[in-house]
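Trainee: The structure that follows is given in the form of structure tokens.
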Amino acid sequence: MKTFVRCGELFTGDDDAAQKGAALVYDAAGRIVYAGPEKGAPKRRDGDRLIDHSGHFVMPGLIDVHTHLAYGNAKTEEDIDLYSPLEFRALRGMFFAQKVLAAGYTALCSPGDAGQVSLSIRNAIEAGLFEGPRVMAAGPYLTTHQGLTDWYPTWIGAPDTSIGRLVQSIDEAIQEIRRQVKNGVDCIKIAMDGIQRRPDGELIAAFTQEETDAMVRETHRMGKQAVAHAVGREATLYSARAGMDLIFHGFFSDGECIAAMKKAGSMLCPTLTQPKNVIEFTQPHEPAGQKGRIDATERRYRTGCANLKKAKKAGIPFLTGTDSGFAVTPYGEWHARELELFVDDLGFSTAAALRAATETNARFMSRGEEIGVLEIGRLADFTAWDGSPLADIAILQDKRRLRGVYLAGRAVAIADRPYDPRQVTDFSLSNWTDLYTQARVAELRGSRRRLEAAE
Ligand SMILES: [Zn+2]
């Protein structure tokens, strides 16, 4: 039995243009046997199935290579690391993985998560226990005292339930990589820098070149991919020189970094959505607002985009990912915003942004040669949209326009199930965001009185 999909427009991911009046045909296993003009398609036989998307734009399922399934839409780092048992995080992550699928994302990479949360979600989906996207999983980040995820004072360290694993030497790092590979990760995530800066303001790389080389070498020896959080110049340079497969952020890449990425074949996932959402959504009264993060993030974003445009011009492959899993990037909500930001802030054409989120992202994913492009031999992971994202890339953020999500040719339907967000995260013991001195209280009472007088 074959399935014939009539497509108003077909965007294969292999070409910048969409074909009008095309057909997508696949076999019972969901493998594509034809993608092209409807008149050239194989003849339909008795028992073959017909799906009518003749009024829609058909394209490969979207891929987000930066969605943290264990984070739970967290408002604080403590919420990510401390308050929920790993078992609850896995169940919660499964629920949220389905939200990502329901948004038209048929695959994601979860690069850095606590325990074995992501790989358990991956395995449960692969075994057929739950409906869900294809998941590429990492374990906890390898980090040092200068790296992301070592948030707490040295006398507390990185607890077992946290997303970071402190490694104090090359030996410890190698043992941790071997442990994670035995557990079944697809990639190793390394926190190549964090928030610590030298007096001149430069972000300090968490690992030396020698340490980075050793970790990437061992990861590759195990047949796995190495991915890095690297915002600063030094961390990006060490990562690229070591042959890191994928570098997240790279906001302070200079010519030397770009040359090293090019030489090593490193790919870059800037992840613009998270900082853009921080800038636009954070309210002044929130802790991030009070700590000046809105302005600082905006400055970094502007510098980052200027540097990233140079990397794009040099031909570094760009991947799309959002850092979904924080309160500013809830699952299933903003994944396709990244494509809009690629167009608006990095100068991508709409077609190039679509190809980044499908064909280029698939090049990084585990078994990526089976997804990302609608061509003979690959799996029919596809989506159908009311309207053309080539004309308006923002329609991909409008779930009302999503008319079908298919995994290996099978239509998936995820119920839009309501839930209580207060029972999901935000268990931190923080209670107030202001300091109620007499002066502050007088100020607040004054503004309330002014409001009342104005009414
Ligand atoms: Zn991240």
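Trainee: Considering segment 221-251 alone, what residues qualify as being in a loop (DSSP other than H, G, I, E, B) and touching a strand residue (DSSP E or B) at 6+ places or on another chain (Cβ under 7 Å)?
Mentor: Result: K224, V231, G232, M244, D245, G250.
Trainee: Which of the residues that make up segment 24-72 are surrounded by fewer than 23 Cβ atoms within 10 Å (Cβ to Cβ), closer than 30 Å to L246 by Cβ and either of a type in the set (K, R) or within 16 Å of the ligand (Cβ to nearest atom) (or both)?
Mentor: R31
Trainee: Keeping to segment 184-220, report how many residues are under 23 Å from the mean Cα position of the chain (by Cα) and part of a loop (DSSP other than H, G, I, E, B).
Mentor: Total meeting the criteria: 5.
Trainee: Let me spell it out: the conditions are (1) in contact with a Gly (Cβ under 7 Å, 6 or more places away or on another chain); (2) more than 13 Å from the ligand (Cβ to nearest atom); (3) at positive phi, and G315 meets all of them except one. Which number is the exception?
Mentor: Unmet condition: (1).
Trainee: Let me ask you something else. Can you tell me which residue within segment 219-239, out of those that are in contact (Cβ under 8 Å) with a residue 40 or more places away in the chain and away from the ligand (no atom under 16 Å from the Cβ), is nearest to T297 (Cα to Cα)?
Mentor: E234
Trainee: How do the pairs read when you match residues in segment 280-299 that are surrounded by 15 or more Cβ atoms within 10 Å (Cβ to Cβ) with residues anywhere that are polar (S, T, N, Q), using Cβ under 7 Å and keeping only pairs 6 or more apart or on different chains?
Mentor: Between residues of segment 280-299 that are surrounded by 15 or more Cβ atoms within 10 Å (Cβ to Cβ) and residues that are polar (S, T, N, Q), the close pairs are E286/T433; A288/T282; G289/T282; G289/Q283; R293/T282; I294/T282.
Trainee: Evaluate the following for T76: is it within 22 Å of the chain's Cα centre (by Cα), on the phi < 0 side of the Ramachandran plot, surrounded by fewer than 22 Cβ atoms within 10 Å (Cβ to Cβ) and within 16 Å of the ligand (Cβ to nearest atom)?
Mentor: Taking the combined requirement at face value, the residue satisfies it.
Trainee: Residue pairs, Cβ under 6 Å, 6 or more apart or interchain, first in segment 243-257 and under 19 Å from A356 (Cβ atoms) and within 16 Å of the ligand (Cβ to nearest atom), second of a type in the set (G, A, S) and in a helix (DSSP H, G or I). List them.
Mentor: Final answer for the pair search is I247/S239; F251/G304.
Trainee: If you go through segment 400-455 one residue at a time, how many are of a type in the set (G, A, S) and in a loop (DSSP other than H, G, I, E, B)?
Mentor: Within segment 400-455, residues that are of a type in the set (G, A, S) and in a loop (DSSP other than H, G, I, E, B) number 6.
Trainee: Can you tell me which of V278, V343 is of a type in the set (A, V, I, L, M, F, W, C), within 16 Å of the ligand (Cβ to nearest atom) and part of a helix (DSSP H, G or I)?
Mentor: Unique residue meeting the criteria: V278.
Here, each number is a calculation from the coordinates, and none is a lab measurement. None of the values given here were measured: they were computed from a predicted structure. So basically every Cβ, Gly included, is an ideal-geometry build from the backbone, and we count neighbours across all protein chains shown.
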